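Participant: Sending over a structure as structure tokens; questions will come in a sec.
The values are calculated or read from the model by the stated rules, or taken from the named source; none is laboratory data. What you are looking at is a predicted structure, and each value in this text was computed from that prediction instead of being measured. Cβ coordinates were reconstructed from backbone atoms using ideal geometry, including for glycine residues, and neighbour counts include every protein chain displayed. The area values use the complete protein model at the heavy-atom level, side chains included, leaving out ligands, DNA and RNA. Shrake-Rupley method; radii C 1.70, N 1.55, O 1.52, S 1.80 Å.
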Amino acid sequence: MVIDRFGSLADPPATFALTGVRVIDPSTNTDVVRDLVVADGVIRNGDAPSGIPRIDAAGLVAAPGLCDLHTHLRTPGDEGAETIASGTRAAAHGGFTTVCAMPNTDPPLDDALRVRGLLAEAAHAAARVRVVAAATRGRAGEQLTDHGALAAAGAIGFSDDGVAVAPAAVARQALAYLASLGLPLVEHAEEPDLAAGGLMRGGPTATRLGLGGWPASAELAIVERDLALAAETGGWIHFTHLATAAGLEPIRRARASGTRVTCDVTPHHLALTDAWVAGDRHFAWENGHDPEPGASAGLDPAFAYDGVCRVNPPLPTRDDAMALLAAVADGTVDAIATDHAPHPPERKAVPFAEAAPGLIGLETALGIGLAAVAAGHLELSTLLAALSTRPAALIGEARSMAAGSNADLVVFDPQRSWRVERAALASRSANTPLVGMDLPGVVRLTVAAGRITYDAGLIGSE
Amino acid sequence: MTATWISTWTRRHLLDVDELSRAELEAVLDLGVELRGRRAARELPDSLRGLAVGLAFYEPSTRTRVSFELAARELGATVTDLSVAGSSVAKGESLIDTLRTLERTGVRMVVLRHAASGAPYLAARSLERAAILNAGDGTHAHPTQALLDALTLREALGSLEGARVVIVGDAAHSRVARSDLHALVRLGASVVLSGPPAWVNPFAGWPGVSVVTDLATALSGADAVVALRVQRERAAGSGVPSLGEYVSRWGLTAEKLERACPGAWLMHPGPANEGVEIAAELSTDPRSLIGRQVENGVPIRMAVLSLLAVEMDRW
């Protein structure tokens, strides 16, 4: 029996050798089968020195450690849903070595002392924790937080996530000020008036279900606004969890004309669709039952209106999901970020309109991505770049599989699959509609900053 | 009772009519007709004897609640009214907790009305033994209203096959409209939706449904017209500039009805705002089926309760 063992960043550096592993490093376009030697936490050249554990890793893939730009650790204030310990274990279990904690906690991360406190607490975590600080005090959209002090405390971006920085003038101030620090405004693109009352993506499925629709224009309105503000101020705008096709074209255009714009999408917006709210359980690229409005059989009572599918921004239409996937493939989208949003069951086992929005993603991101690869919609190296090297570069972290690099990597078995079950998850919460489904790709080892943070019986023997 | 309907029914819950095949729909209507006759003759079966039925209305309702209660009692059930709306029963207690409590007291059928679309699906997933009858959920479905509308229209027209039915008003926020669409289309009718664009355009592309904003055009060739109740607070909000604008463009009057087929029928799920969605003079018009809709309420609910009770013995 394979024993899952979690480690922490405070553990001693790791030493081991994996023989015959397929090493993929998207940053150098490398994809070779070789031996991978890690000694004292550092990747070494050549043969494994004698006396260190040598593990036959044939058939496994080793890649740079995954980096999540958008994680809700629910700390402080909602530790029943997640803690730094449980959230970073979920990260390690999913192959992530870095998570960026979002500021919509209670109280919010709008104060340098609080940010320092969180980072200090995370020193023994199972993944590196970085902080996206609140862009405005109390995330109220009125007064900027002390961006400079927060950056000095370790903030790598600023966001009022959960909502957009709603007043345009405040968003403009933030972009202008942040330009002096070289850090991004991380925008949750949702125009509040247009999205008001929206419980899921507007369209035929929402109409069929009688649930308030959130129009695609709610995202586009903020994307267009912020691109104009970024162009004008010279600031860096990063759109997080983009969920519509409509926003992609203006981003491509703005980037071509020199605006500093980056963006991420979540795995669930690439693979799940609004049909999931009606009870469908097929990925966007599969042929599901595709509930024709007004036609066909009724909704599946086992899954229809499941509050676990309520997420913000809402699950996209199939066309939007496929457009987002294509935008990952062509590089328009810089990163896949999870928007890991844990909630306990009592916030989800309620009528759809009352369900807290959000679903967990750290442990399923790689699997969803590998499913897209298996279906032919992404190259494996593109997926790994979007999950590791590209987001890491955005926050100034190195990721390399070259000799001399600090070992920061994930080893997974692409041939095996696993069933998403509550007991299989390290997160304190299990709010994902993937529960009960099989995902490809089993993470066998995660090494963050030279330390083994997760080992599914690959190195250690129990 | 005739046995044909028993063989076509295999459902534990009634959550919406969209799950029902044409044969099942016809079976419910046929059984409704039969039970209506037996009720008039005071020869009702006691097919629900020994069954406890719970009424859980999380939203105020008069006619739906009363007709379910009568239907269940007259078929021999014990009825308990949770009277949730406006009371303290549900305060701090989740919907699931409340329904599970009902179930533990022995209630085997729960008639549920809830302001949240989809609440009956959550309830159906959460209960082990009890059947859920959706008595209206949010802006999603109102299956028994659609069944009684279908029965009323089937009897007035002889058949729904090939009939052209116009539904006027705020279909986007109407559970009656949604369920009517499913039932009428499946029974062979074509449905035309008319109203302010925001209220009808979302249905464009539904099979069997066409959207015609202009009421006069929509009414052309109509065999029947269903006026939906206008929620006054909505009229001045998202969909239409003002209530007056709505009345002038989409309020049904005898004059506008001239565009429909001669003898076209008029329906309304009630309660109607006279002078808003329909002119006062129309409620007493001989073409009005509004009274018959109400009369069909109890027998249709009897039919549904009976079918679920039969099925209950199988699981």
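Participant: Do the conditions hold for B:Val200, that is, is it in contact with a Pro (Cβ under 8 Å, 6 or more places away or on another chain) and open to solvent by less than 10 Å² (accessible area, probe 1.4 Å)?
Facilitator: Taking the combined requirement at face value, the residue does not satisfy it.
Participant: Could I ask something else about it? Do we find a residue being free of Cβ contacts under 8 Å to residues at least 24 places away in the same chain, at positive phi and either of a type in the set (Ser, Thr, Tyr) or buried (at least 24 other Cβ atoms within 10 Å of the Cβ) (or both) anywhere in segment B:107-125?
Facilitator: For segment B:107-125, residues free of Cβ contacts under 8 Å to residues at least 24 places away in the same chain, at positive phi and either of a type in the set (Ser, Thr, Tyr) or buried (at least 24 other Cβ atoms within 10 Å of the Cβ) (or both): present.
Participant: Only residues that are buried (at least 23 other Cβ atoms within 10 Å of the Cβ), under 30 Å from B:Arg178 (Cβ atoms) and more than 14 Å from every other protein chain (Cβ to nearest Cβ): list them for segment A:207-235, please.
Facilitator: Of everything in segment A:207-235, those that are buried (at least 23 other Cβ atoms within 10 Å of the Cβ), under 30 Å from B:Arg178 (Cβ atoms) and more than 14 Å from every other protein chain (Cβ to nearest Cβ) turn out to be A:Ala218, A:Glu219.
Participant: Could you tell me which numbered condition B:Gly37 fails, if it satisfies all but one of (1) modelled with pLDDT of 95 or more; (2) in a loop (DSSP other than H, G, I, E, B); (3) out of contact with any helix residue (DSSP H, G or I) (no Cβ under 7 Å at 6 or more places or on another chain)?
Facilitator: (2) is the only condition that B:Gly37 fails.
Participant: Looking at A:Leu150, A:Leu175, A:Leu185, which one is outside any loop (DSSP other than H, G, I, E, B), more than 23 Å from A:Thr71 (Cβ to Cβ), open to solvent by less than 20 Å² (accessible area, probe 1.4 Å) and of a type outside the set (Val, Ile, Thr)?
Facilitator: Within the list A:Leu150, A:Leu175, A:Leu185, the selection yields A:Leu175.
Participant: Right, another one. For A:Ala423, indicate whether it is touching a residue at least 24 places away in the same chain (Cβ under 8 Å) and either surrounded by 17 or more Cβ atoms within 10 Å (Cβ to Cβ) or away from chain B (no Cβ under 14 Å) (or both).
Facilitator: No.
Participant: Residues in segment A:345-352: is at least one modelled with pLDDT of 95 or more and either closer than 27 Å to A:Gly7 by Cα or more than 14 Å from chain B (Cβ to nearest Cβ) (or both)?
Facilitator: Taking every residue of segment A:345-352 in turn, none turns out to be modelled with pLDDT of 95 or more and either closer than 27 Å to A:Gly7 by Cα or more than 14 Å from chain B (Cβ to nearest Cβ) (or both).
Conditions (1) in contact with an Asp or Glu (Cβ under 7 Å, 6 or more places away or on another chain); (2) on the phi > 0 side of the Ramachandran plot; (3) surrounded by fewer than 17 Cβ atoms within 10 Å (Cβ to Cβ); (4) at pLDDT 95 or above, marked per residue:
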site	(1), (2), (3), (4)
A:Ile237	yes, no, no, yes
A:Thr244	yes, no, no, yes
A:Val265	no, no, no, yes
A:Ala271	no, no, no, yes
A:His289	yes, no, yes, no
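Participant: Taking only segment A:66-87 into account, find how many residues are more than 16 Å from A:Val186 (Cβ to Cβ) and either assigned to a strand (DSSP E or B) or within 13 Å of the chain's Cα centre (by Cα) (or both).
Facilitator: The number of residues fulfilling the criteria is 2.
Participant: How many of the residues in segment B:187-219 are within 14 Å of chain A (Cβ to nearest Cβ) and among the β-branched types (Val, Ile, Thr)?
Facilitator: Result for segment B:187-219: 5.
Participant: Output the number of residues of segment B:275-311 satisfying the condition of being basic (Lys, Arg) and either modelled with pLDDT of 95 or more or in a helix (DSSP H, G or I) (or both).
Facilitator: Total satisfying the criteria: 2.
Participant: Sticking with this structure for a sec: Would you point out the residue of segment A:353-368, among those that are open to solvent by 10 Å² or more (accessible area, probe 1.4 Å) and within 14 Å of another protein chain (Cβ to nearest Cβ), that is nearest to the chain's Cα centre (by Cα)?
Facilitator: A:Ala356
Participant: At positive phi and part of a loop (DSSP other than H, G, I, E, B): is that true of A:Gly141 in this structure?
Facilitator: yes
Participant: May I pose another question? Identify all residues within segment B:6-34 that are at pLDDT 95 or above, in a helix (DSSP H, G or I) and facing another protein chain (nearest Cβ under 9 Å); write none if there are none.
Facilitator: B:Val17
Participant: When residues of segment A:369-405 are filtered for being in a loop (DSSP other than H, G, I, E, B) and either surrounded by fewer than 22 Cβ atoms within 10 Å (Cβ to Cβ) or over 18 Å from the mean Cα position of the chain (by Cα) (or both), how many remain?
Facilitator: 14
Participant: Now a separate question. So is B:Val176 of a type in the set (Val, Ile, Thr), closer than 17 Å to B:His268 by Cα and in contact (Cβ under 8 Å) with a residue 60 or more places away in the chain or not?
Facilitator: Spelling it out, B:Val176 is indeed of a type in the set (Val, Ile, Thr), closer than 17 Å to B:His268 by Cα and in contact (Cβ under 8 Å) with a residue 60 or more places away in the chain.
Participant: Something else now. For B:Gly244, only one of the following conditions fails: (1) part of a helix (DSSP H, G or I); (2) within 19 Å of B:Val191 (Cβ to Cβ). What is its number?
Facilitator: (2)
Participant: If we scan segment B:260-267, do we find a residue that is without any contact (Cβ under 8 Å) to a residue 12 or more places away in the chain and away from every other protein chain (no Cβ under 14 Å)?
Facilitator: yes
Participant: Moving to a separate point now. Does any residue of segment A:234-241 turn out to be without any contact (Cβ under 8 Å) to a residue 60 or more places away in the chain, closer than 23 Å to A:Val163 by Cβ and assigned to a helix (DSSP H, G or I)?
Facilitator: Scanning segment A:234-241 turns up no residue that is without any contact (Cβ under 8 Å) to a residue 60 or more places away in the chain, closer than 23 Å to A:Val163 by Cβ and assigned to a helix (DSSP H, G or I).
Participant: For the subset of segment A:406-417 comprising residues that are of a type in the set (A, V, I, L, M, F, W, C) and part of a strand (DSSP E or B), which member is farthest from A:Ala449 (Cα to Cα)?
Facilitator: Filtering first and then ranking leaves A:Phe412.
Participant: Tally the residues that are polar (S, T, N, Q), surrounded by 14 or more Cβ atoms within 10 Å (Cβ to Cβ) and at pLDDT below 95, restricting the search to segment A:31-81.
Facilitator: Total meeting the criteria: 0.
Participant: List the strands (runs of 3 or more DSSP E) inside segment B:104-176, counting only whole elements, that have at least 1 residues being more than 14 Å from the chain's Cα centre (by Cα), charged (D, E, K, R) and more than 9 Å from every other protein chain (Cβ to nearest Cβ).
Facilitator: Hits in segment B:104-176: B:164-168.
Participant: From the residues in segment A:206-233 that are small (Gly, Ala, Ser) and part of a helix (DSSP H, G or I), which one is nearest to A:Ser180 (Cα to Cα)?
Facilitator: A:Ala230
Participant: Please specify each residue of segment A:308-346 satisfying the condition of being free of Cβ contacts under 8 Å to residues at least 60 places away in the same chain, in contact with a Gly (Cβ under 9 Å, 6 or more places away or on another chain) and either closer than 15 Å to A:Thr432 by Cβ or open to solvent by less than 10 Å² (accessible area, probe 1.4 Å) (or both).
Facilitator: Of everything in segment A:308-346, just one residue is free of Cβ contacts under 8 Å to residues at least 60 places away in the same chain, in contact with a Gly (Cβ under 9 Å, 6 or more places away or on another chain) and either closer than 15 Å to A:Thr432 by Cβ or open to solvent by less than 10 Å² (accessible area, probe 1.4 Å) (or both), namely A:Val311.
Participant: Let me ask another. Are there any pairs with C-beta distances below 6 angstrom linking a residue in segment B:288-301 that is within 15 Å of B:Ala224 (Cβ to Cβ) and in contact (Cβ under 8 Å) with a residue 12 or more places away in the chain to a residue that is open to solvent by less than 10 Å² (accessible area, probe 1.4 Å) and in a loop (DSSP other than H, G, I, E, B), with the two at least 6 apart or on different chains, and if so which?
Facilitator: That search, which allows pairs on different chains as well, returns B:Ile290/B:His268.
Participant: Something else now. Mind counting the residues in segment A:46-60 that are touching a residue at least 40 places away in the same chain (Cβ under 8 Å), under 18 Å from A:Val447 (Cβ atoms) and touching an Asp or Glu at 6+ places or on another chain (Cβ under 8 Å)?
Facilitator: Total meeting the criteria: 1.
Participant: Quick check on my filter: what residues within segment B:269-300 are touching a Leu at 6+ places or on another chain (Cβ under 8 Å), within 28 Å of B:Val28 (Cβ to Cβ) and open to solvent by 10 Å² or more (accessible area, probe 1.4 Å)?
Facilitator: Result: B:Pro269, B:Arg287, B:Ser288, B:Ile290, B:Val298.
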